[in-house]
Amino acid sequence: MAHGALESCLRAAWRKGRALAPLALATFLAACEPEPTGGVFPDLDSQVGGGSDGKADGAGGGGDGGAGSSTLSGTWAQITEWSTCVKVADEIETRAWRLLRVELKQEGGKLHEKRTLCELRLTPIFGLMTVVPQPLIDAHPLMTVESVLVGQGEGAPYLGGPEIQQFGIAFKDIYGDPMPAKADVDDPRLVDSENDGKPGATFHVGPSCSIHIAQRESATLHGSVQADGSFRGGGVHLTEQTVFSSTKAICGSQFSTRANDGANSFVMVRAEAFDADKNGEVSCAELRAVGESIAKPMAADDKRCLAKP
């Protein structure tokens, strides 16, 4: 399946299945599995994710500790980059760079992922940088994701399950609950993680402005195993945001936006080598120290918004 067709299929599957339970949604996403082509994927014999013992092998060479080792279970570092086009006079691009710690457990072709948000950086809009305070990131709930690895070896497709990132709100149904309206400042679902008395989460914009918001980001990744044992690919990403108030009107303005999925990317690598204190566990602090060596943040480029979906 061509890249553009895969993007369209994943987005359609996400919209169709989002109101369903996660497993049903994963079924819709699996329907977008890339079609095998000669010389890229081994004969799977209807088997998902590896040999008869249910373990993956083949990618990256013997014992490199990546996706080609005998099991994928362990700690991984994941970096995702989301692209969004903001409509002003013309469209401008803004990008979000995320660093996550992933505890992965493999059961055959099923990958059970527990993702911890470690760092989040946003590119400026109109010269104003939006900063998500680190304590707010540290308080973000663990994200449980059920993913699938189809086949084995270099080129084996990876289909990430649905992931929900939420700031300033705790949904009972993270997939189906509606977002609050601007006037819903007393919505019992709102979470004031900073204890500043303001509704939802507080983001800082530029040197002297703050906004108070509720935000839900829905995403799923798709990619493949690389020769070095890493996972790389793209993803589908949707953002919903309610701005309740701001300290200055200019930073509280809301603009029309659209997801720019063709410019999204992700990479996931084994993290054991980043255990700087050699205590057997890799922390978010250790990952933040090496994050840019895994994947440097890309600068925003408005030209990426010229290609319409």
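Read-outs throughout are calculated quantities, based only on the coordinates presented, and are distinct from any laboratory measurement. Please read all numbers here as calculations on a predicted model, not as lab measurements. All Cβ positions, glycine included, derive from the backbone under ideal geometry; neighbour counts span all protein chains shown.
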#### Entry: log₁₀ of I(q)/I(0) at q = 0.15, 0.20 Å⁻¹ - the range 136-216, Debye sum with one point per alpha carbon
-0.64, -0.91
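Quickly rank 147-160, 114-127 as a protection proxy: mean count of other C-beta atoms within 10 Å, highest first.
Working: 147-160: 22.4, 114-127: 17.3.
Highest to lowest by the protection proxy: 147-160, 114-127.
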### Task
Which order do the peptides 260-266, 131-137 take when ranked by the mean count of other beta-carbon atoms within 10 Å per residue, highest first?
260-266, 131-137
### Query
In the calculated pair distance distribution of the range 59-295, what percentage of Cα-Cα distances lie above 28 Å?
34
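Return an integer: the convex hull volume of the alpha-carbon atoms of the range 143-189, in Å³ per residue.
Values: hull volume 4.7 nm³, N = 47.
Cα convex hull per residue, to the nearest whole number: 99 Å³.
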